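What follows is a single structure, written as structure tokens, with notes after it.
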Amino acid sequence: METKISSLIKYLLKNYPNKSELSASRLTKMLYLADWKSAIENSKQLTDAEWHFNHYGPYVDDFIKIAANDDEIKVFSTQTMFGAHKQQVELREGSSREIEIQESEKKILDFVIDSTRSKNYEEFIKLVYSTYPVVSSSRYNDLDLVKMAQEYRDISEKF
């Protein structure tokens, strides 16, 4: 059974132009940016993820597990250009089934793709770390994106 999260993942995998950059880390953080954007605009996340700020930034274990359990998604080990280990995520050959997500969700995911497509990994991580939930929280805490989006809107209105 296809879950909403696997549909969101497939949409990113299908539409992100730089397929070789879609490591587990980058994909997870793209979903974080989508949840953050949705929380700001719609007062709700795209996913039902409970985000945690660990030593690698906003993180959720489940996304890559969901991807690995989907027959149309391939998760495999490879190396970065510096020789470090990374998990790569991609659509399997022949995965052409229509990805069913709402237009409002596509709009947010397209915004995330457009905002990150030209960033190398370091620039991408700087973007993630510059978001309000990260700069206003301590490591190893949970991130309530909907609550933090309201705080962010309240602060923004003052300026």
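The values are calculated or read from the model by the stated rules, or taken from the named source; none is laboratory data. Everything quoted here is computed from the prediction, not taken from an experiment. Here Cβ is always computed from backbone atoms with ideal geometry, including for glycine, and neighbour counts include all displayed protein chains.
If the requirement is being within 21 Å of residue 19 (Cα to Cα), of a type in the set (Asp, Glu) and either loosely packed, with under 14 Cβ neighbours inside 10 Å or touching a His at 6+ places or on another chain (Cβ under 8 Å) (or both), which of these qualifies: 98, 72? Step through it out loud before you land on a result.
Working: 72 fails: either loosely packed, with under 14 Cβ neighbours inside 10 Å or touching a His at 6+ places or on another chain (Cβ under 8 Å) (or both).
Answer to the selection: 98.
Is it the case, given these coordinates, that residue 64 is over 19 Å from residue 17 (Cα atoms), in contact with a Leu (Cβ under 8 Å, 6 or more places away or on another chain) and not small (Gly, Ala, Ser)? Show your work before the answer.
On the way: over 19 Å from residue 17 (Cα atoms): yes; in contact with a Leu (Cβ under 8 Å, 6 or more places away or on another chain): yes; not small (Gly, Ala, Ser): yes.
Yes: the conditions hold for residue 64.
Take the residues in segment 108-159 that are surrounded by fewer than 12 Cβ atoms within 10 Å (Cβ to Cβ) and hydroxyl-bearing (Ser, Thr, Tyr), then tell me which one is modelled with the lowest pLDDT.
That would be 156.
Go through 98, 41, 105 for me and flag whichever is acidic (Asp, Glu), assigned to a loop (DSSP other than H, G, I, E, B), at negative phi and more than 12 Å from the chain's Cα centre (by Cα).
Criteria check complete, one pass: 98.
From the list 147, 126, 107, exactly one residue is farther than 27 Å from residue 55 by Cβ and basic (Lys, Arg). Which is it?
It is 107.
So, in segment 51-88, exactly how many residues are touching a Ser or Thr at 6+ places or on another chain (Cβ under 6 Å), aromatic (Phe, Trp, Tyr) and outside any helix (DSSP H, G or I)?
Qualifying residue count for the region: 1.
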